[in-house]
1. Taking the residues in region 190-228 that are within 10 Å of the ligand (Cβ to nearest atom) and in a loop (DSSP other than H, G, I, E, B) as candidates, determine which candidate is least open to solvent (accessible area, probe 1.4 Å).
2. Among what's in region 131-154 and is assigned to a strand (DSSP E or B) and within 7 Å of the ligand (Cβ to nearest atom), pick the residue that is farthest from Gly193 (Cα to Cα).
3. Filter region 1-15 down to residues that are in contact (Cβ under 8 Å) with a residue 60 or more places away in the chain and not charged (D, E, K, R) and give me whichever is most open to solvent (accessible area, probe 1.4 Å).
4. Small (Gly, Ala, Ser) and either open to solvent by less than 60 Å² (accessible area, probe 1.4 Å) or within 20 Å of the chain's Cα centre (by Cα) (or both): is that true of Gly322 in this structure?
5. Filter region 19-41 down to the residues that are within 13 Å of the ligand (Cβ to nearest atom) and among the hydroxyl-bearing types (Ser, Thr, Tyr), then identify the one that is nearest to Leu125 (Cα to Cα).
6. I'd like to verify a number: residues in region 155-189 that are within 14 Å of the ligand (Cβ to nearest atom) and of a type in the set (D, E, K, R), how many?
7. Between residues in region 59-79 that are of a type in the set (A, V, I, L, M) and residues that are assigned to a helix (DSSP H, G or I) and open to solvent by 10 Å² or more (accessible area, probe 1.4 Å), which pairs lie under 7 Å by C-beta distance while being six or more apart or on different chains?
8. For region 31-59, what are the residues that are crowded, with 19+ Cβ neighbours inside 10 Å and either basic (Lys, Arg) or at positive phi (or both)?
Amino acid sequence: MASIEARIKDFVRARGVDVVGIAGPGRLDGPPSLDLSYTMPGAKSVVSMALPMDVDAVYDFLAKRSPAPHNLDQFLNYQRLQRIGRELAGFLVSCGYRAMGVPLSADYRRAVYVFRPRPAFSLRLGAMAAGVGGQAWSGNLKTREYGASIYLGAVLTDAMLESDPVLPPGYFVEEYCAKCKRCARSCPSHMFGTGEEEYLLLNGELHPRARRNNIDLCHISCFGLHSLSADRRYSNWGLHWIGSWIEQRPESRNQLQLIWDMLKRGLTVGDAWPRFDILRVLCSKLWPEEILRGIPELEDFPEEESERYRILAEFGRRMGVGGIDDYPVPMICGQCALVCGPTLEETAERYRALAESGIVVPGPGGRMTRVDTFEEALELRRRHPLRISAYRKVKDALDSIYFWHRYYFGIEPRSFVQSKIYGLRLRRAVRERRRKIHRHSAFGKE
Ligand code: B12
């Protein structure tokens, strides 16, 4: 009989997942969010899976033709990955093991400050440990087959599985990203740059990525609070601009200013909670198949934009999320991942589509309208300001504060201690690395 590892891979490949990897005991030493037992006590191994984003939908998104196909692609694939995870867990249980599928996002650990999400289990770290891919310059998980434009899923089990070979640290950063870094130029809020590196300590090895200027810059653009790029040449599909950022962006190290700007904008947009909640219910729950009845596959998605919005809004309502029917597009950025293809040439092509795409802002009837220049965008926003009633603003602000704390507020001594130990080990490893480089350059010169 084939090994359990081979049967697992056949099982998921038969369901259309061709990028799969396994990490067993001895391969899971890293940041707190690689601790399997936090999510499933007794878990010993992880099966990591990656599904590609639809490339045509990615181009429609980057070239500012429409965000709807990419959002439908996310909706369908996040449910599909959870379904395959549930079925694989069932298969492992039928083989006498315990197993469970992992939520795909919004499964954050509780914390006192709720707006700095840390996952119960990190799918990126799991994928790195399972050899599915390596860390890219953006911090995204990059695969050889599809680049970073992927969706990740995983199943945890108490089976003691054989681990697959992993990519060496810096595999992508040194080989590909060093010649590219278009992800950094695709991030409207400059969450990271093209210069300095920082590291993740995984199984005793340091994995490089871009040093982050401030993760809240990603929250602000990914949650649609400021969509305009720093150079005012392009945008993502977010509805909002932060007024003060148009003239002068805050210093990324000015944490308090960033948090103030983020909360001030986030608590006055009138729909921040439903825009996050749809991601939460989509990624942390496997919905019955009926929910998909009448929802077309991507290739049958109607051309008419208002019809596409009607279908996405219907999908959201079936998951119990309303209040964003006029613009049912929660995924409005992620450009650092969407632009990253399997080859440098493909990534260059995608980046060109973004860089030449111009800016989208709410125009006549609140409909997102594409223009070429910042000046035109400014004029459109002046002529078609978003009208959000005071009632909606107050209700949404209260919903955001209440639900974020209901789901994510708390004190977790375990996570706190784990992160302190991890932080110490990481700093020691980085110091050791610097010492080695220094010694090497000193003796090299001699
Ligand atoms: C939190 C989160 C976000 C946050 C923060 C992102 C971030 N950079 O950490 C926000 C909302 C901004 C976000 C944005 C996006 N996300 Co997101 N997100 C996640 C989530 C839930 C966890 C990410 C993660 O692994 N964090 C943990 C580690 C890796 O993060 P870290 O900051 O490096 O951790 C450092 C420290 O915090 C510490 N640490 C690690 N773990 C812990 C735990 C504790 C308790 C503590 C104290 C410290 C600590 O150690 C690390 C440094 O050494 C995952 C789903 C999942 N459950 O894995 C999806 C996920 C990573 N997101 C995904 C995607 C696609 C995106 C976007 C592209 C937008 C989109 N949805 O289209 C952007 C990309 C932004 C970017 N460049 O990272 C995909 C990733 C695909 C890929 N190729 O990697 C995932 C895997 C969802 C999925 N199922 O596919 N995301």
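1. Pass one, region 190-228, residues within 10 Å of the ligand (Cβ to nearest atom): 191-192, 198-202, 206-207, 209-210, 212, 215-223.
In the following step, the residues that additionally are in a loop (DSSP other than H, G, I, E, B) were identified as 191, 223.
Details: Met191: 12, Phe223: 82 Å².
That would be Met191.
2. Kept after step one, since they are assigned to a strand (DSSP E or B), are these residues of region 131-154: 134-135, 141-143, 147, 150-154.
Filter again for within 7 Å of the ligand (Cβ to nearest atom), leaving 141-142, 150-153.
On the way: Leu141: 17, Lys142: 18, Ile150: 22, Tyr151: 24, Leu152: 25, Gly153: 28 Å.
Going through the qualifying residues, I end up with Gly153.
3. Step by step, filter region 1-15, then rank; the result is Ser3.
4. Values: small (Gly, Ala, Ser): yes; either open to solvent by less than 60 Å² (accessible area, probe 1.4 Å) or within 20 Å of the chain's Cα centre (by Cα) (or both): yes.
Considered against the rule, which asks whether it is small (Gly, Ala, Ser) and either open to solvent by less than 60 Å² (accessible area, probe 1.4 Å) or within 20 Å of the chain's Cα centre (by Cα) (or both), Gly322 comes out as yes.
5. Taking the candidates together, the pick is Ser33.
6. So the count comes out to 3.
7. Here the result reads Leu62/Ala353; Ala63/Ala353; Ala68/Glu305; Ala68/Arg308; Ala68/Tyr309; Leu72/Leu298, each pair linking region 59-79 to a residue that is assigned to a helix (DSSP H, G or I) and open to solvent by 10 Å² or more (accessible area, probe 1.4 Å).
8. Lys44
The values are calculated or read from the model by the stated rules, or taken from the named source; none is laboratory data. The model shown is predicted, which means the values in this text are computed figures rather than measured ones. Note: ideal-geometry Cβ built from the backbone for every residue, glycine included; neighbour counts use all protein chains shown. These area figures cover heavy atoms from the full protein model, side chains too; ligands, DNA and RNA do not enter into them. Shrake-Rupley method; radii C 1.70, N 1.55, O 1.52, S 1.80 Å.
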